Amino acid sequence: MTTDALPLDDLVACPQCDTLHRASALPDNARAHCQQCGIVLMTSQPAAMARILSLALTAFIMMIAAVSFPFLTLDAGGLHNATSVIDAVLAFNDGYAFPLAVAVAFFIVVIPLMRLSALIYALGPLVREKKPRQGARKAFALAERLRPWSMAEIFIVGVTVALIKVAGLAAVTIGPAFWAFAGVVVITVLKDQLICRYSIWEALDKATA
Amino acid sequence: MGSAGQSHGLITARDAGLVACQQCGQVHPLHARICKRCEGRLRSRDEESLQKVWAWLIAGMIAYIPANVYPMLLTSTLVERSESTIIGGVVELVEYGSWGIAAIVFIASVMIPVGKFIAIVYLALSVQRRSIANQHERHKAYEVVEFIGRWSMIDVFVVAILSALVQLDTIATINPGIAALSFALSVIFTMLAAQAFDARLIWDANRTRQ
Ligand SMILES: [Zn+2]
Ligand SMILES: [Zn+2]
């Protein structure tokens, strides 16, 4: 199949500059950089898989809380308006702005939840040292492809800006969902830092073999 | 690779007669089409990369024009009805004395999108000219564009939250303007432009000269 002396499975090519490297085991907590362009090719963190899974599960539960509880409440002149994350999405629900409502719903709730479920589905059996589920590879690939489109952290900054804009107009109370959402953001950042694509694909290969 | 053997100089997968999966890193013989590991599509180089980059970029720039001309927010209170554009919103914040927030909105809605247009044009042109200058800087620019572009969405989310929150019948209501939609489209199109860019092309220019 190949004319190369090295077995192909021992090679890694940098996804951003195509430079070939020979893969070998990294010491714990080390990072391997591409020799040409310098991006991180792989990291090795002990027990990363179990930590990713538990962070993903926590984030999933907090996300459910974040969409169910009141997010912000506004009081002005005896009038009262409670807003959930769902309301924020439906704000665009009139006429021409409908496509925007769909996009916002995807960016802040649907895509983050899809990423989390796909990760839990793909990594769950690996952590328990079982064979991967059917479609685990597709699920992990999807979770990684969706990464730039998951915008929960940007939404939280947007909310902060909105709070300051509205501060002069009315009294705003921050609800439990706000803190749940902020928690999701922090946990997602921690979790994504632990994800090393290369190691997870290796683990999927090993578990299948 | 950190601990990896670097015995035979730097060689690309393509030069070695191989093709690498960009999604999972698995290396295959050059004729392979589908990755055996993740079932992703294999392409040694994305030949249509620049075409797609230009198409998405132009769409993004076009959508950015109405985003600045039309109102983002329609506000009505007991005493007045007002509309504010992106820049108008920033000016209002400055008038309230919220300098920090004004800066965040200005950076996210003006500096990042415009900077991104310029960066992508520069990246695409330099690859077309097969430039071998500043490869490391251009690769860094590509990474920054990929990382920071999504943050432009802040203002769209501000509009979403304000319109959901400020619905107090007679006293005050805020509704989204058409610019919110065109701005969101502009951000989405430029994100797709950045994703269509095949960074391997930056490094190819001097490889073929060797
Ligand atoms: Zn590289
Ligand atoms: Zn692959």
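The values are calculated or read from the model by the stated rules, or taken from the named source; none is laboratory data. The structure presented is a predicted model; accordingly, all values stated were derived computationally and were not measured. Methodologically, a virtual Cβ is constructed for each residue, glycine included, from the backbone with ideal geometry; neighbour enumeration extends over all protein chains shown. When the accessible area is computed, the model is the full protein with side chains, heavy atoms only, and any ligands, DNA or RNA have been set aside. Shrake-Rupley method; radii C 1.70, N 1.55, O 1.52, S 1.80 Å.
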Subject >> Members of the range A:162-200 found to be in contact (Cβ under 8 Å) with a residue 40 or more places away in the chain and within 21 Å of A:Ala47 (Cβ to Cβ), listed by number >> reply: A:Ile187, A:Thr188, A:Leu190, A:Lys191, A:Asp192, A:Leu194, A:Ile195, A:Cys196, A:Arg197, A:Tyr198, A:Ser199, A:Ile200
Subject >> Candidates A:Leu100, A:Leu55, A:Leu8 - the one that is away from ligand 1 (no atom under 16 Å from the Cβ) and more than 7 Å from chain B (Cβ to nearest Cβ) >> reply: A:Leu55
Subject >> Checklist (1) open to solvent by less than 50 Å² (accessible area, probe 1.4 Å); (2) closer than 30 Å to A:Gly175 by Cα; (3) more than 7 Å from chain B (Cβ to nearest Cβ) applied to A:Ile64, failing item >> reply: (1)
Original post:
Hey, among A:Ser117, A:Ser84, which residue is in contact with a Gly (Cβ under 9 Å, 6 or more places away or on another chain) and surrounded by 15 or more Cβ atoms within 10 Å (Cβ to Cβ)?
Top reply: A:Ser84
Original post:
Out of all the residues in the range B:183-193, is one or more touching a strand residue (DSSP E or B) at 6+ places or on another chain (Cβ under 7 Å) and more than 16 Å from ligand 1 (Cβ to nearest atom)?
Top reply: no
**OP:** Filter the range A:34-61 down to residues that are touching a strand residue (DSSP E or B) at 6+ places or on another chain (Cβ under 8 Å) and open to solvent by 40 Å² or more (accessible area, probe 1.4 Å), then give me how many there are.
**Re:** 3
Original post:
Does any residue in the range B:4-25 that is over 23 Å from B:Ala196 (Cβ atoms) and open to solvent by less than 60 Å² (accessible area, probe 1.4 Å) come within less than 9 Å, Cβ to Cβ, of a residue that is modelled with pLDDT under 85 and not in a loop (DSSP other than H, G, I, E, B) six or more places away or on a different chain, and which pairs are these?
Top reply: B:Leu18/A:Leu8
Subject >> Search result, residues across the range B:16-46 that are more than 8 Å from chain A (Cβ to nearest Cβ) and outside any loop (DSSP other than H, G, I, E, B) >> reply: B:Val19, B:Ile34, B:Arg41
Original post:
Quick one: which of B:Val127, B:Val114, B:Val156 is under 30 Å from A:Thr73 (Cβ atoms) and either over 14 Å from the mean Cα position of the chain (by Cα) or open to solvent by 10 Å² or more (accessible area, probe 1.4 Å) (or both)?
Top reply: B:Val156
Original post:
Restricting the search to the range B:47-87, which residues are more than 25 Å from A:Gly158 (Cα to Cα), part of a helix (DSSP H, G or I) and among the β-branched types (Val, Ile, Thr)?
Top reply: B:Val53, B:Ile58
**OP:** Could you grab me the full set of residues in the range A:34-50 that are facing chain B (nearest Cβ under 7 Å) and among the aliphatic types (A, V, I, L, M)?
**Re:** A:Leu41
Subject >> In the range A:13-33, residue nearest to the other protein chains (Cβ to nearest Cβ) [restricted to those that are open to solvent by less than 10 Å² (accessible area, probe 1.4 Å) and under 24 Å from the mean Cα position of the chain (by Cα)] >> reply: A:Ala32
Original post:
Just a yes or no: is a residue in the range B:25-41 at pLDDT below 85 and either more than 22 Å from the chain's Cα centre (by Cα) or within 15 Å of ligand 1 (Cβ to nearest atom) (or both)?
Top reply: yes
Subject >> Number of the condition not met by A:Ile154 [criteria: (1) more than 17 Å from A:Ser117 (Cα to Cα); (2) more than 16 Å from ligand 2 (Cβ to nearest atom); (3) open to solvent by 10 Å² or more (accessible area, probe 1.4 Å)] >> reply: (3)
Original post:
Which one of the conditions (1) at pLDDT below 95; (2) surrounded by 15 or more Cβ atoms within 10 Å (Cβ to Cβ); (3) in contact with a Leu (Cβ under 7 Å, 6 or more places away or on another chain) does A:Leu142 fail to meet, given that it meets all the rest?
Top reply: (3)
**OP:** Provide a single number: the residues in the range A:67-96 that are among the small types (Gly, Ala, Ser), within 19 Å of A:Val159 (Cβ to Cβ) and either touching a His at 6+ places or on another chain (Cβ under 6 Å) or facing chain B (nearest Cβ under 8 Å) (or both).
**Re:** 3
